[in-house]
1. Do we have any residue at all in region 6-17 that's more than 16 Å from the chain's Cα centre (by Cα), modelled with pLDDT under 95 and part of a strand (DSSP E or B)?
2. Which condition does Ala33 not pass, out of (1) loosely packed, with under 12 Cβ neighbours inside 10 Å; (2) modelled with pLDDT of 95 or more; (3) under 21 Å from Phe13 (Cα atoms), if it passes all the others?
3. Restricting the search to region 26-39, which residues are outside any strand (DSSP E or B) and without any contact (Cβ under 8 Å) to a residue 24 or more places away in the chain?
4. Does Glu91 fit the bill of being within 20 Å of Val17 (Cβ to Cβ), acidic (Asp, Glu), surrounded by 12 or more Cβ atoms within 10 Å (Cβ to Cβ) and out of contact with any Leu (no Cβ under 8 Å at 6 or more places or on another chain)?
5. Output yes when any residue across region 40-59 is outside any strand (DSSP E or B), polar (S, T, N, Q), at pLDDT 95 or above and surrounded by 10 or more Cβ atoms within 10 Å (Cβ to Cβ), and no when none is.
Amino acid sequence: MEDQRGYDREEIFSKKVKAGKRTYFFDIKSTRANDYYLTITESKRKQNGDNFSYEKHKIFLYKEDFLKFVDALNESVDHVKNELLPDYDFEQFSNEEDEGEYNKELRWE
């Protein structure tokens, strides 16, 4: 796979999460120096007349930031679940995953 500068980036691992009109891709890639990083891509399907297009947003996450990112993500999700919406049933969406079971918590420990 090539990036915008024409450098080859090998994809090591990929995980797709479907969420309504959005799809999230978690891709681990390697650098030229044989290091690894994670890209998180949100792809949203948009209708243009009779055709579809996809709007994409991408985050590049490097190994030195993994734990900080996951800690902030977990803290933010926990705040919504416990403080803002304590009575909301988040588990109702767990059955919508059509690619089988997946880990409900994102953790690098």
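The values are calculated or read from the model by the stated rules, or taken from the named source; none is laboratory data. No experiment lies behind these values; they were computed from the predicted model shown. Neighbour counts are summed over all protein chains in view; Cβ atoms, including those assigned to glycine, are modelled from backbone coordinates with ideal geometry.
1. Within region 6-17, one or more residues are more than 16 Å from the chain's Cα centre (by Cα), modelled with pLDDT under 95 and part of a strand (DSSP E or B).
2. The number of the failed condition is (2).
3. Thr31, Ala33, Asn34
4. no
5. No, there is no match, as no residue in region 40-59 is outside any strand (DSSP E or B), polar (S, T, N, Q), at pLDDT 95 or above and surrounded by 10 or more Cβ atoms within 10 Å (Cβ to Cβ).
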